[in-house]
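Here the structure is laid out as C-alpha cells; the discussion comes afterwards.
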Amino acid sequence: MPQMHADPATTGLASASSDAVTLKVTGLRTHFRIGSTIAKAVDDVDLTVRQGKTLAVVGESGSGKSVTSLSIMRLLAPSATIVDGTMAFTRRDGTVVDLARAKNRVMRRIRGQEIAMIFQEPMTSLNPLYTVGDQIIEMIRLHETISRADARARARRMLELVEIASPERRLDDYPHSMSGGMRQRVMIALALACNPFLLIADEPTTALDVTIQAQILELLRRLQKEMGMSILFITHNLGVVAEIADDVAVMYAGKVVEQAPVRALFKAPRHPYTKGLIACIPDPARDRDAAGGRRLLSPIPGSVPSVTNLPGGCAYADRCPLVVAKCREKNPPLIGVEALHSTRCWRHEDV
Ligand SMILES: Nc1ncnc2c1ncn2[C@@H]1O[C@H](COP(=O)(O)OP(=O)(O)O)[C@@H](O)[C@H]1O
Ligand SMILES: [Mg+2]
C-alpha cells in the first residue's frame, strides 16, 4: 500500500478499489479573526477518510476538531476563513470536488444528500416546534420529489432502522418528549434519510450515559455496514475510538500530530502526545489501588496552548517528556513512519 500521507499523489482518489478514499483533506488552515488577533484554530491539517471506513478524529477540547468538521461542511461562522488547503471529496458518481472551493450552490446539494452531520446536542438540529416525523419528511422532500405519504412511509422505516420502538406512533411525537438517547437516534435517522456517502459525527455520544453511548456506537457500526457509508467520527474519548474507528487522527492545537490505522496507533504510537492520551484511558485492572480502590489515572501535566499565541516550534514541547532544543525551534512536518502511519514528531523513533 502506498504511504498515503507521505505521498498524496499515490492515493488513487477516484479509484473504486478497496483503497478508495472518500475525503482527503490536505494542508487545511481555518483561521478566526477576533479584532486584531488571529486564532489559528485549524493549521495545516491532513486527513484521509477511506471509503466505507471510519476515521476518528481525537483530541482535547479546543484542539480544532469541530472547526475541521465545520470547514468540511462549509458551515463556519462569518469570522472564520479557510485560508489554505484542499478537501477532495469523491462524490457518489465518482467525480472529485474540492470542498474548499466548491460554489455555495454545489455545497447546498452536497450537504444532506452526500455529506450529513450529527452533533453532540440533538436539540441544536431538531426543531422543538415540529414532530420528529414532519422533520424527517421535510428533509426527505427537500432532496427528492416524492409524495408526502411515501415520505412518511420512508420516515417510519428510518425510525425502525435506528431501532426506535413503535415508530408509527413516534413519528407524531415532539423532540422534547423523547429521552436524550432517543433524540440522538432521531438525529441519526434524519442524517441518514438521504443515504449520505459521508457521515460526520461530532461527539455524537458525549452527552449520553455510558450504556446509551455503547448502544449508539453499535447502531452506527451496523448502519455503516448496511449502507456502506464513510464516517468521520469526532471525539475527545480514546476509549470510544477503540470501539468505532478503522483509522485515527490525533489533533493537538490545530494540527494533526499523528494518524494511523487504529491497531497501529494503540499498539505502537509514534507521538508522545498519543502515548500520553493512551496512558490516560481508565483501566480498572491497572488503575485500582489495592488498599482504597482509588483510581490512579495519569493525566498529561499542563494544558493545550492557546491557538492565538502558538509557540514557534512544536506546540506540545512544553508538555513533552522527550523534548529537545530542536522541538522548540522548528515545527516537525507530518513524517511517514509506515504505510498509512505518520507523525509530527522529531523524536518519533524514540517514542
Ligand atoms: N466562533 C469562534 N470564534 C473564535 N474562535 C473560535 C470559534 N470557534 C472556535 N474557535 C477557536 O478554535 C479553537 C478550536 O475550536 P473547536 O474546533 O471548537 O475545538 P474542539 O472541537 O476540538 O473542542 C478554539 O480553541 C477557539 O480558539
Ligand atoms: Mg468540538
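Straight-line cross-link partners of Lys53 among the lysines, defined as a Cα under 18 Å from its Cα and at least 8 positions apart when in the same chain: Lys24, Lys225. Mean silhouette area of the range 27-153, derived from the convex hull of its C-alpha atoms and averaged over all directions, reads 10.1 nm².
Output needed for the range 117-195: three equivalent-ellipsoid semi-axes, defined as square roots of 5 times the C-alpha gyration tensor eigenvalues, in descending order, whole Å. Before the final figure, lay out each step's value.
Details: eigenvalues 63, 36, 26 Å².
In descending order, the three semi-axes are 18, 13, 11 Å.
A dipole drawn for the range 117-195 from +1 and -1 charges on Cβ atoms has a positive end, and of Ser166, Met139, Cys194 the residue lying farthest that way is Ser166. Tally the DSSP beta bridges in the range 175-292 and give the antiparallel ones as a percent, rounded to 5. Of those bridges, close to 55 percent are antiparallel. Taking the chain as a Gaussian network of alpha-carbon nodes connected by springs under 10 Å, the highest mean-square fluctuation of the residues Arg105, Arg222, Arg154 belongs to Arg105. Computed 3J(HN,Hα) for the range 303-320, one whole-Hz value per residue from the Karplus formula 6.51 cos²θ - 1.76 cosθ + 1.60 where θ = phi - 60°, is 9, 5, x, 5, 6, 8, 8, 7, x, x, x, 5, 5, 8, 3, 5, 9, 8, glycine and proline marked x. Of the solvent-accessible surface of the chain, computed with a 1.4 Å probe and all protein chains present, 52% belongs to carbon and sulfur. Amide H contacts of Ile200 (H built 1.01 Å from N, in plane; Pro and chain starts excluded): Ala116, Met117, Ile118, Leu232 sit under 5 Å, all sequence-distant by 5 or more or on other chains.
With only Lys, Arg, Asp and Glu charged, each at its Cβ (+1 for the first two, -1 for the last two), find how big the charge dipole of the chain is about the Cα centre; round to the nearest 20 debye. Let's see the in-between values first.
Details: 44 positive and 37 negative charges, 94 e Å.
Here the chain has a charge dipole of around 460 debye.
Fully extending the segment from Asp93 to Thr308, taken as 0.36 nm per residue of separation minus the present Cα-Cα distance, adds 73.3 nm. Straight-line reach from Lys40: taking Cα to Cα under 12 Å and skipping same-chain neighbours fewer than 8 places apart, the aspartates and glutamates in range are Asp84. Rounded to the nearest 20, the Cβ-based charge dipole of the range 172-226 about its Cα centre (Lys and Arg +1, Asp and Glu -1) stands at 180 debye.
Look at the dipole of the chain built from charges on Cβ: of Val42, Gly180, Leu76, the Cα furthest out on the positive end belongs to Leu76. Taking amide H as placed 1.01 Å from N in the peptide plane, Met251 has its amide H under 5 Å from the amide H of Val58, Gly59, Val257, each at least 5 places away in sequence or on another chain. Plugging the Kirkwood radius over Cα pairs into Stokes-Einstein for the chain, at a temperature of 37 °C and a viscosity of 0.692 mPa s, what D comes out in µm²/s? It comes out at roughly 154 µm²/s. For the chain, the relative contact order works out to 21 percent when only alpha carbon pairs closer than 8 Å and six or more residues apart are counted. Phe233 contributes an accessible area of around 0 Å² to the protein surface, as traced by a 1.4 Å probe with all chains present.
Accessible area per residue for the chain, computed on protein heavy atoms with a 1.4 Å probe, is 46 Å². Where is the GNM fluctuation largest for the chain (alpha-carbon springs, 10 angstrom cutoff): His236, His341, His143? Largest GNM mean-square fluctuation: His143. Summary value for the range 119-211: 43 percent relative contact order, contacts being C-alpha pairs under 8 angstrom separated by 6+ residues. Taking a ≥ b ≥ c as the square roots of the eigenvalues of the alpha-carbon gyration tensor, the range 167-295 is classed oblate because a/c is 1.5 or more while a/b is no larger than b/c.
Which value, in debye to the nearest 20, gives the size of the charge dipole of the range 194-351 about its Cα centre, when Lys and Arg are +1 and Asp and Glu are -1 at the Cβ? Could the numbers behind the result be given before it?
Values: 18 positive and 17 negative charges, 90 e Å.
It works out to roughly 440 debye.
The values are calculated or read from the model by the stated rules, or taken from the named source; none is laboratory data. Just so we're clear, the structure is a prediction, and the values are computed from it rather than from any experiment. Heads up, the Cβs are rebuilt from the backbone with ideal geometry, glycines too, and the neighbour counts pull from every protein chain shown. Accessible surface is based on the protein model in full, side chains and every heavy atom, while ligands, DNA and RNA are left aside. Shrake-Rupley method; radii C 1.70, N 1.55, O 1.52, S 1.80 Å.
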